[in-house]
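To keep things clear, I will list the structure first and then write my remarks on it.
We did not get these values from a lab; they are worked out from the coordinates using the rules stated. Since we're looking at a predicted model, the values are computed, not measured. With ideal geometry, Cβ positions are generated from the backbone for all residues, glycine too; neighbour counts draw on all protein chains shown.
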Amino acid sequence: MRRYSRSYVGRIRVLSDKVANQIAAGEVVERPASVVKELLENSLDAGSTYIRVEIENGGRRLIRIADDGCGMLRDDALLAFERHATSKLHDVKDLLSIATLGFRGEALPSIASVSRLLLETRSPDEQTGTRVEIAGGKIVVCDEIARGGGTTISVRDLFFNVPARKKFLRSEQTELAHIASLVTHYSLAHFGKTFEMWNGGANLLHATPVETMRERVFQVFGGDVLDDLIDLGERSAMLQVMQMPEPDEPPRRFVLRGFVSRPQVQKNNRNSIFIFVNGRLIRDRLMLHAISAAYHNLMPQACFPFALLFLECDCEEVDVNVHPSKTEVRFRHQSWVHDFVRDAIREQLMQSRPAPSFVQRSASPTPQAAAVLPYSDFSQVMQDEDRDAAGGGVALPEFTMQPPPAPAPRFDFGDTGIAVNEPSKTSGVKLRVPDTHGGFPVDSIPAEHSMVRIGELRPMGQLHNSFIIAAGIDGLWIIDQHVAHERILFEQVLAQQAAGRVEMQQLLMPMILQLTADQQIEYARIADELHASGFDTEPFGNRTIAVKAAPAAVGLGDLERVILEILEIAEHELRSVSLADLRRGIAASIACRAAIKINTPLDQRKMEWMLRSLAATEYPMACPHGRPVALQYGTREILRAFHRI
Ligand code: ADP
Ligand code: MG
C-alpha cells in the first residue's frame, strides 16, 4: 500500500508533447515494420501510383519510402508533425465514414519522436519542395528544395533515443521478414500500383501494375504458390434490413475476395493469414476464427491454411478506431460477418474440391521477382512444408511418385554391321519417335487437381490391400481406403445426428466403464449429446457408467475407446466449442473407429461402392482429421513424364 502514498504519486500534470508522442510511439511504432506500415498507408492515402520502399539493416539503420502522391504544402509539412494533425478527418462524425487508411494524425509525430526523420515533399500547387529534418521529435532543419511531385520520408536510427525499445528489436533478418511480408501483402491489395522494395541495394520486389489480383499473386509469388491457392472470386452478401436496428436503413453489401490455400497446405501458425478490411491490413480474432471454422474437419486441429482475404463493406459497418496502430477493427454485426466469411470460404473449398497431386512440382520455370523474397511467409511456404514433413508435422502427402529415369536413347548394334539410318553411329543418337501412337487429345484432358470427377473413376485394384488404384479421364488416382471410408461415415453420422436418428444397436450386456473424476464431470455435461449421437448410457454408481446401446457402426471392441475419446474432446474443447463442433468431434471419433482398416482386401464391388459413396460426400478430399483422401497423378503429368507433351 505504501507504494501508492502521495509522495510517490505526486500532483497531476499535463504531459509535454514530447513525452506524449513517445508514449503514442510505444503503441504505434512497435518495430520497423510498423513504421513501414504507417508510411505506406500515408502514401496510399496520398493517391500514389508508385511506391518505393528502401531498407537497410532490417529497418534499424534506414527505412525510406518514396511516392508520387499528392505531396504536402510547406505549412502542412510542418504541421504534419504536430500531434493529432491530420488532413483526413475533421469531425468526430467523419470517424463513421472514414475512407482513408490513416485518420489519427499520430503516425508522423510518433515516428519522428523516436528516430531521425527526413521529409522531402512537394505539392503540385507549389513551385518548390520542402525539406524538414527532425531528430527525436525536434525540428532541426526546414528549408526549400527542388524536387518533383510526391513525398519521400527517410527514417534513420529507429529508437536511437529509446534504448529500452531498441533492445526488443529482433535480428535484422526477422525485422526484414516482417517488412517484406507487409509490403508484399500491401502490393496485393493494390495490384494496380507499382511497388518496389530494396534491401541494402538488392531488389526484393518489383511489381508493375496489373489488371487482376490473380496476376499480382503470380507476379509476387510465382506460379507454384498460385497453384496451391483457391481463388474465392467475388463473393458478396447483403446484410438484411431486418437485422438493422432501424428498419429503413438500406441493406449493407459485404464483398469478400481473395485466395485461400488447398487444405493440404498446412501451416502450424497463423502467420500466413492476411486479412484486409476496406484496404487496411488487420489482425482480427473474429476473422481468424471464421477462417479456421471454414477448414474445420478438412485440416488437422492446430493447423492453419494460408489466406489472403479482402473484405469490403460500408464504413459504417466497421469501427476502425479501436487501437492506435489501427490493426484491429470491430464489426457492428460480428457474428453475421463471421458466418459470411466462414461460409464463403467453405463453399469455395467444397466447389473446387482440390485434390493433392502426388507428383512433386518442379521449380517454377520462370522464377518471379518475389520468389526470391527471402523471408516473406509466403515464399517460405514450400520450405516450411519440407521441414514439417521431416519433423513429423503435417504437410503435403509424403508420397511422391517419380517417373523412372528415362533410358538413354541409344541403340547399340555392336559389330553386326547393320547400318542404322542415322547420320552418325556415335552414342547419344537421337531417334525420331515414329508417330504411330496417334496424337493424344491433350485439349480434352480436364483440369487437374480437382476431385469433381471422382464419381467417374474406375477402380483397378488395391495396393498393399490398403489403397485403391483407380483410373479416370483426368489421371490415375490412389485412394486411401480407410480415410475415404472415414469421410463417408463421418458425413453419414453428421446427417443422422441432424435428423435425430442415429442407428443404435442394443448391447446384450451393458458395458461398464470406469471414469476418472475429470471424465465424470465431462460425462455429466455431454450425456445428452452422447445420447443424441447414438450412445445410450447411464450413471452406474460412483464414477462408473453403463453403456446399454451404441451407434451401429461402432464395433464392440472399439466402444470403450470411442467413448473415452469423446470425453477427451469434450474435456479439451467443450468450453470454447460449440455444440456443432462437439457433434463433429463425436462423429469424427465414431467414423474413425468404424471405418475399414488398411490391410483389408476389398473386392471390385466394394471398391466401386467406396468410390461412389465418396463422390456423394460433401467434401471428399480430406478425412475429418484433415488427412488427404486421395492423390492424383494427372494425365498431363503422365503425358509429360512420357515426353508426349
Ligand atoms: P494520418 O495519416 O492519420 O492523417 P499521419 O501522422 O500519418 O496521420 O500523417 C499526417 C498528415 O501528413 C496526413 O494527414 C497527410 O496530410 C500528411 N501526409 C503524410 N504522409 C504523406 C504522404 N506520403 N503524401 C502526402 N501527404 C502525407
Ligand atoms: Mg497516417
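Annotations
- Pairwise FRET efficiency - residue 618 versus residue 536, Cβ, R0 = 35 Å, nearest 0.05: 0.80
- Residue 328 paired with residue 75, simple spin-label distance in nm, labels 7 Å along Cα-to-beta-carbon: 3.8 nm
- Residue 528 paired with residue 125, simple spin-label distance in nm, labels 7 Å along Cα-to-beta-carbon: 6.6 nm
- Cα centre as origin, Lys/Arg/Asp/Glu Cβ charges: region 198-315 dipole, Debye: 420 debye
- When region 528-638 is reduced to its Cα atoms, the Kirkwood hydrodynamic radius in Å: 16.4 Å
- Of the GluC sites (Glu not before Pro) in region 466-527, the ones in a loop by DSSP (not H, G, I, E or B) with at most 12 other beta carbons within 10 Å are 503.
- Theoretical FRET efficiency, 1/(1+(r/R0)^6), r = Cβ-Cβ of residue 520 and residue 343, R0 41 Å, to 0.05: 0.65
- Between the amide H of residue 298 and any residue lying 5 or more places away or on another chain, no distance stays under 5 Å, with hydrogens modeled in the peptide plane.
- Spin-label model, residue 503/residue 99: points 7 Å from Cα along the beta carbon direction are separated by 6.1 nm.
- Cross-link reach list, lysines versus residue 18, counting only Cα pairs under 16 Å and skipping chain neighbours closer than eight places: 138
- Peptides ranked, highest mean first, by Cβ atoms within 10 Å: ranges 10-18, 596-604, 545-553, 208-216: 545-553, 208-216, 596-604, 10-18
- Gain on full extension, evaluated as 0.36 nm per residue between residue 167 and residue 16 minus their Cα-Cα distance, stands at 51.9 nm.
- Efficiency of FRET from Cβ geometry, residue 194 and residue 160, R₀ 41 Å, rounded to 0.05: 0.80
- Full-stretch length increase - residue 600, residue 285 - with 0.36 nm per residue and alpha-carbon distance subtracted: 109.0 nm
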